[in-house]
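Chemist: The following block contains the structure, expressed as structure tokens.
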Amino acid sequence: MIEIRHLTRVYDGVPVVNDVSLTIGTGELAVLVGTSGSGKTTLLRMINRLVQPTSGQVLVEGVDTATLPAHLLRRRIGYAIQGHGLFPHRTVAQNIATVPRLLGWPRARIDARVDELLALFQLDPATFRNRMPHQLSGGQAQRVGVARALAAKPDLLLMDEPFGALDPLIRAKAQADLRAIQQKLGTTLILVTHDMQEAVDLGDRIAVMDGGRLLQYDHPARILTQPAAPFVRDLIGATDRPLRLLSLKTVGDLAQPGDAEGPAIPPEATLHDALAECLWTGRTALPVQGGGIVTLDALRAEARPR
Ligand SMILES: Nc1ncnc2c1ncn2[C@@H]1O[C@H](COP(=O)(O)OP(=O)(O)OP(=O)(O)O)[C@@H](O)[C@H]1O
């Protein structure tokens, strides 16, 4: 568990992070979202002490991080940034091995870990192990950056706009991969973005920042249906609210007994996908693969606050 208590950072007399408190449960994915300059990156960097807090505390599993040497703390916390930040003159394998080498892992264990991570990120180890960063596509480099951050099996992974530079298709794939890997490894993850849809798609909880302050910290459905401030409502985008709500649940959550015409939709598709399919094919109900149906009426009811 990560506890952030009254964290503040002042630059030139101005608080850019201002008395922020929040708790992130073990294995949860929290997203920090807000406009440019709202203090997201500064808050994230105070967690691994790349930025020293002016006041306040960060506790990781009950231990105040101020009591640990900063370089040791950073070896325990994975950190991935936009544009991946790979060392340009080191191979993919050497990049991924950075923290395990600092920790003095034996060679065989490092090699095995590198191959395991490459495979996990669907990069064939034999092909990619010895490539240089400039020989990778943007999406591949981004995956290597995340693999490097995960190499020493950190309990906590911090990610700053990790998907910012990716095109929309690769971005969606990278987001899905990250979610799957995070669930598989049970890593606690804090991710910064200014994309509200990314926050809704990925976050167990979303922290909305504005002017250094935390305006709201809650589950995506509550942020969408009960925004705590006008700024939060504006950030969500009022016209997108029903569609974002539908993207939170899957067809499997809403399936009911019955029969319907036409091709079936997979249970793991989102309700947003189901609505699009209904509209596109002019149907008022869709069969669900494996049994049952999802109806347009039920979708409509889910797209409204309760
Ligand atoms: N080292 C510094 N010295 C002075 N001011 C700083 C420093 N680092 C950040 N700031 C200021 O703190 C504020 C918050 O910056 P921060 O990078 O945390 O915002 P952000 O929400 O991550 O923005 P973005 O989405 O643009 O990355 C900004 O106004 C920035 O100019």
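The values are calculated or read from the model by the stated rules, or taken from the named source; none is laboratory data. Keep in mind that this is a model prediction, so the values were computed, not measured. Every residue, glycine among them, receives a Cβ derived from its backbone with ideal geometry; neighbour counts consider all protein chains shown. The protein model used for the area step is the full one, side chains on, heavy atoms only, and it has no ligands, DNA or RNA in it. Shrake-Rupley method; radii C 1.70, N 1.55, O 1.52, S 1.80 Å.
Chemist: Within the stretch 37-82, how many residues are more than 16 Å from the ligand (Cβ to nearest atom), in contact (Cβ under 8 Å) with a residue 40 or more places away in the chain and touching a helix residue (DSSP H, G or I) at 6+ places or on another chain (Cβ under 6 Å)?
Modeler: 2
Chemist: Could you please tell me which pairs satisfy a Cβ distance under 6 Å, a separation of 6+ or placement on different chains, a first residue in the stretch 196-213 that is touching a residue at least 60 places away in the same chain (Cβ under 8 Å), and a second residue that is assigned to a loop (DSSP other than H, G, I, E, B)?
Modeler: Close Cβ pairs (under 6 Å, with a partner that is assigned to a loop (DSSP other than H, G, I, E, B)) amount to Asp204/Glu28; Arg205/His219; Met209/Ser38; Met209/Gly39; Asp210/Ser38; Gly212/Gly39.
Chemist: A further question on this structure: Hey, among the residues in the stretch 68-95 that are under 15 Å from Ile190 (Cβ atoms) and part of a helix (DSSP H, G or I), which one's least open to solvent (accessible area, probe 1.4 Å)?
Modeler: Leu73
Chemist: Let me ask something else about it. What's the number of the only condition in (1) under 23 Å from Arg148 (Cα atoms); (2) within 10 Å of the ligand (Cβ to nearest atom) that Gly34 fails to meet?
Modeler: So Gly34 meets the others, but not (1).
Chemist: Could you tell me whether any residue of the stretch 241-258 is more than 22 Å from the chain's Cα centre (by Cα), among the basic types (Lys, Arg) and open to solvent by less than 50 Å² (accessible area, probe 1.4 Å)?
Modeler: Within the stretch 241-258, the subset more than 22 Å from the chain's Cα centre (by Cα) is 251-258.
When the remaining residues are screened for being among the basic types (Lys, Arg), the result is none.
Scanning the stretch 241-258, I find no residue that is more than 22 Å from the chain's Cα centre (by Cα), among the basic types (Lys, Arg) and open to solvent by less than 50 Å² (accessible area, probe 1.4 Å), so the answer is no.
Chemist: If you don't mind, another one. For the stretch 88-99, indicate whether the set of residues that are of a type in the set (Val, Ile, Thr) and under 30 Å from Ser247 (Cα atoms) is non-empty. Quick ask: steps written out before the conclusion?
Modeler: Taking the stretch 88-99 as the starting set, the residues that turn out to be of a type in the set (Val, Ile, Thr) are 91-92, 96, 98-99.
Still in the list and also under 30 Å from Ser247 (Cα atoms): none.
Within the stretch 88-99 (the criterion being of a type in the set (Val, Ile, Thr) and under 30 Å from Ser247 (Cα atoms)), the answer is no, since none of the residues qualifies.
Chemist: Further question: Checking Asp115 against (1) over 24 Å from Thr193 (Cβ atoms); (2) touching a residue at least 60 places away in the same chain (Cβ under 8 Å): exactly one of these is not met. Which one?
Modeler: Asp115 satisfies all of (1) over 24 Å from Thr193 (Cβ atoms); (2) touching a residue at least 60 places away in the same chain (Cβ under 8 Å) except (2).
Chemist: Another question, if that's okay. Thr26: touching a Ser or Thr at 6+ places or on another chain (Cβ under 8 Å), of a type in the set (S, T, N, Q), assigned by TED's automatic domain parsing to the domain that holds Met159 and more than 15 Å from the ligand (Cβ to nearest atom), yes or no? It would help to see each step written out before you state the result.
Modeler: Values: touching a Ser or Thr at 6+ places or on another chain (Cβ under 8 Å): yes; of a type in the set (S, T, N, Q): yes; assigned by TED's automatic domain parsing to the domain that holds Met159: yes; more than 15 Å from the ligand (Cβ to nearest atom): yes.
Criteria met by Thr26.
Chemist: State yes or no: is Pro125 touching an Asp or Glu at 6+ places or on another chain (Cβ under 6 Å) and either at negative phi or of a type in the set (D, E, K, R) (or both)?
Modeler: On the way: touching an Asp or Glu at 6+ places or on another chain (Cβ under 6 Å): yes; either at negative phi or of a type in the set (D, E, K, R) (or both): yes.
Taking the combined requirement at face value, the residue satisfies it.
Chemist: I would also like to ask the following. Can you tell me how many residues in the stretch 40-79 are basic (Lys, Arg) and either within 18 Å of Thr193 (Cβ to Cβ) or modelled with pLDDT of 90 or more (or both)?
Modeler: The initial filter retains those residues of the stretch 40-79 that are basic (Lys, Arg), namely 40, 45, 49, 74-76.
Next, from what is left, pick out any that are either within 18 Å of Thr193 (Cβ to Cβ) or modelled with pLDDT of 90 or more (or both): 40, 45, 49.
Within the stretch 40-79, residues that are basic (Lys, Arg) and either within 18 Å of Thr193 (Cβ to Cβ) or modelled with pLDDT of 90 or more (or both) number 3.
Chemist: If Ala264 meets every condition in (1) among the small types (Gly, Ala, Ser); (2) open to solvent by 20 Å² or more (accessible area, probe 1.4 Å); (3) within 22 Å of Thr225 (Cβ to Cβ) apart from one, which number is that one?
Modeler: Failed condition: (3).
Chemist: Now for a separate question. Could you please find all residues in the stretch 239-273 being touching a residue at least 40 places away in the same chain (Cβ under 8 Å) and among the polar types (S, T, N, Q)?
Modeler: Correct list: Ser247, Gln256.
Chemist: Now for a different question. Going through the stretch 101-160 one residue at a time, which ones are within 28 Å of Leu50 (Cα to Cα), polar (S, T, N, Q) and touching a helix residue (DSSP H, G or I) at 6+ places or on another chain (Cβ under 7 Å)?
Modeler: Matches in the stretch 101-160: Gln142 only.
Chemist: Scanning the stretch 128-151 for residues that are among the hydrophobic types (A, V, I, L, M, F, W, C) and open to solvent by 20 Å² or more (accessible area, probe 1.4 Å), which turns out nearest to Gly186 (Cα to Cα)? If you could, list the steps in order and put the result at the bottom.
Modeler: Pass one, the stretch 128-151, residues among the hydrophobic types (A, V, I, L, M, F, W, C): 128, 132, 136, 141, 144, 146-147, 149-151.
Now narrow it down to the ones that are open to solvent by 20 Å² or more (accessible area, probe 1.4 Å): 128, 132, 136.
Numbers: Phe128: 26, Met132: 30, Leu136: 28 Å.
Ranking the candidates gives Phe128 first.
Chemist: Hey, does the stretch 203-218 have a residue that's in a helix (DSSP H, G or I) and at negative phi?
Modeler: In the first step, residues of the stretch 203-218 are kept if they are in a helix (DSSP H, G or I); the result is none.
For the stretch 203-218, residues in a helix (DSSP H, G or I) and at negative phi: absent.
Chemist: Which number in (1) in contact with a Leu (Cβ under 8 Å, 6 or more places away or on another chain); (2) open to solvent by 10 Å² or more (accessible area, probe 1.4 Å); (3) within 16 Å of the ligand (Cβ to nearest atom); (4) more than 30 Å from Ala303 (Cβ to Cβ) marks the one condition that Leu158 misses?
Modeler: (2)
Chemist: Ok, one more. Given the conditions (1) buried (at least 20 other Cβ atoms within 10 Å of the Cβ); (2) more than 10 Å from the ligand (Cβ to nearest atom), which single one is not true for Asp19?
Modeler: (1) is the only condition that Asp19 fails.
Chemist: Also: Only one residue in Ala221, Ala276, Ala228 is outside any strand (DSSP E or B) and in contact (Cβ under 8 Å) with a residue 24 or more places away in the chain, so which one is that?
Modeler: Working: Ala276 fails: in contact (Cβ under 8 Å) with a residue 24 or more places away in the chain; Ala228 fails: in contact (Cβ under 8 Å) with a residue 24 or more places away in the chain.
Ala221 is the lone residue from the list that is outside any strand (DSSP E or B) and in contact (Cβ under 8 Å) with a residue 24 or more places away in the chain.
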